[in-house]
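Values in this text are rule-based calculations from the coordinates and carry no lab data. Source: prediction; values computed, not measured. All Cβ positions, even for glycine, are placed from backbone atoms using ideal geometry, and neighbour counts span all protein chains on display.
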Amino acid sequence: MFGYPTHRERTSMLRFLHMNFRYTLGIVALVTCACVAIHAADAKPKNLPPGVLVALARDQKDYCAQFLGDYKKGCRQTFQANLLWLELDVTPSGEAAILVENHNMGACGSAGCTLYLFVRRPEAKFVQVLGTHGDVGELGAVSVLKEITKGHYNIQKTWRDGKTQSLYFWDGSRYSEYHASTPD
């Protein structure tokens, strides 16, 4: 017949569960760090150009508005630290664009994180040019293609799954995603 476990048996079970819980947390932390490190491998270690941060000011304000009191301290630095970015040459003359993947709380969901592509205008202001309001996804790779549309290279994004790709063409003022029509 079954009885209640003795004090010794209960203590033994608790030690076992505590030890497994600690190891599980350690493994989860290692996997998380490895995934972030792999994803951020191509990101620039230096700071974003100040003009891009100005262009992202509304996103930063929305992010910091989530916090109250002492939790609000340092939110600007945290916001900026969670922006992964790459500089891309988008024209044959070498015009640079800054691709930003926003990994802040509230910027990521089931479809991925917010993506922006900024180009510098003559007045030194950075303008977002990826679709109308940016895009959403988890990047695996970005390729600037040799093909040119309206003076800008076409851009191909490969999502983290390694299979899904999106192709973007310059429409004269911004990059728009190309949607191939399928025959009926």
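Net charge near GLY131: determine it from the other residues with C-beta under 13 Å of the C-beta of GLY131, scoring Lys and Arg +1 and Asp and Glu -1.
-1
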| query | Along the charge dipole of segment 95-184, Cβ charges K/R +1 and D/E -1, which of GLN165, ALA124, ALA107 sits furthest on the positive end? | reply | ALA124
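Counting Lys +1, Arg +1, Asp -1, Glu -1, what net charge surrounds ALA111 among other residues with beta carbon under 15 Å of its beta carbon?
Numbers: positive: LYS157, ARG160; negative: GLU101, ASP135, GLU138, ASP161, GLU177.
Neighbour charge sum, excluding ALA111 itself: -3.
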| Taking K and R as +1 and D and E as -1, what net charge do the other residues with C-beta under 11 Å from the C-beta of ASP171 add up to? | +1
| query | Could you state the per residue volume, in Å³, of the convex hull enclosing the Cα atoms of segment 46-177? | reply | 112 Å³
| message | For a quick check: with amide H placed at 1.01 Å from N, whose amide H comes under 5 Å from THR91's, ignoring anything fewer than 5 positions away on the same chain? | response | TYR153
| note | Between VAL144 and CYS108, Cβ-based FRET efficiency (R0 22 Å, step 0.05) works out to 0.35
